Amino acid sequence: MQKRVTLLVVLFSIYLKAQISPDNSSISLGVGPYTSEKIDDLISAQLSLQFYHKRHIFGVNLEYGGQIGQNPNNYYTSNLLYGRDIKIANFLNIELISGIGYYSFSLNNNTYKKQIETINFPVRTNLIFDLYRNTIFKGIKPGLSFGYNLNNKNTTRNLLVLIQVNF
């Protein structure tokens, strides 16, 4: 099921890229801590592909969070996203993003393993710093992402440090 959903998300992103003729595109990678209703103090990573058309954002997102150990608890999500890009200053943009997707959560301990799959509603706020406008690194933008994965089984919250590459 996870492979099918991920494949659909990737195919939809290719279709979106072909249809909207975006002004700009970006790929971003984020890493940071996350907490959830079931467990705390874990690490998460996010990979996003976004297309910008005027101030609209269309994108796809893959996110994984978990812990290292003998019985790891983890989650996986793939999402279709829509948002708005708001320019605050010459060096700062805020991206307000939400969407819908697939959420899978594994809860493991010594006696059992429980797998939960449900619909996910991601909500993100990205602070993107355009610090290198006039240098050779002008396509690379650092940032922070504050995110929630809202669902009826296990809501997760994260704070990620982002590197966004525009192309």
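The values are calculated or read from the model by the stated rules, or taken from the named source; none is laboratory data. Remember, it's a predicted structure, so these values are computed and weren't measured experimentally. Glycine also receives a Cβ, built like all others from the backbone with ideal geometry; neighbour counts cover every protein chain displayed.
The condition (being closer than 27 Å to PHE129 by Cβ, in a loop (DSSP other than H, G, I, E, B), modelled with pLDDT under 85 and not small (Gly, Ala, Ser)) is satisfied by just one residue among PRO72, PRO22: PRO22. Taking the criterion of being among the charged types (D, E, K, R) and surrounded by 15 or more Cβ atoms within 10 Å (Cβ to Cβ), the residues of the stretch 118-141 that qualify are ARG124, ASP130, LYS141. Check the stretch 142-159 and report whether any residue there is over 20 Å from ILE43 (Cβ atoms), part of a strand (DSSP E or B), without any contact (Cβ under 8 Å) to a residue 60 or more places away in the chain and not hydroxyl-bearing (Ser, Thr, Tyr). Yes: the stretch 142-159 contains one or more residues that are over 20 Å from ILE43 (Cβ atoms), part of a strand (DSSP E or B), without any contact (Cβ under 8 Å) to a residue 60 or more places away in the chain and not hydroxyl-bearing (Ser, Thr, Tyr). For the stretch 77-99, the condition of being at pLDDT below 90, part of a strand (DSSP E or B) and surrounded by 22 or more Cβ atoms within 10 Å (Cβ to Cβ) holds for none of the residues.
Considering every residue within the stretch 119-141, establish whether at least one is more than 22 Å from GLY30 (Cβ to Cβ), touching a strand residue (DSSP E or B) at 6+ places or on another chain (Cβ under 6 Å) and in a strand (DSSP E or B). Before you say what the answer is, go through the steps one by one.
Going through the stretch 119-141, the residues more than 22 Å from GLY30 (Cβ to Cβ) turn out to be 119, 134-136.
Add one more test, that the residue is touching a strand residue (DSSP E or B) at 6+ places or on another chain (Cβ under 6 Å), and what stays is none.
No: zero hits.
Taken together, the criteria place SER104 among residues that are in contact (Cβ under 8 Å) with a residue 60 or more places away in the chain and surrounded by 15 or more Cβ atoms within 10 Å (Cβ to Cβ).
Would you point out which residue out of TYR82, TYR112 is aromatic (Phe, Trp, Tyr) and within 18 Å of the chain's Cα centre (by Cα)?
Working: TYR112 fails: within 18 Å of the chain's Cα centre (by Cα).
None of the other options fit; the residue is TYR82.
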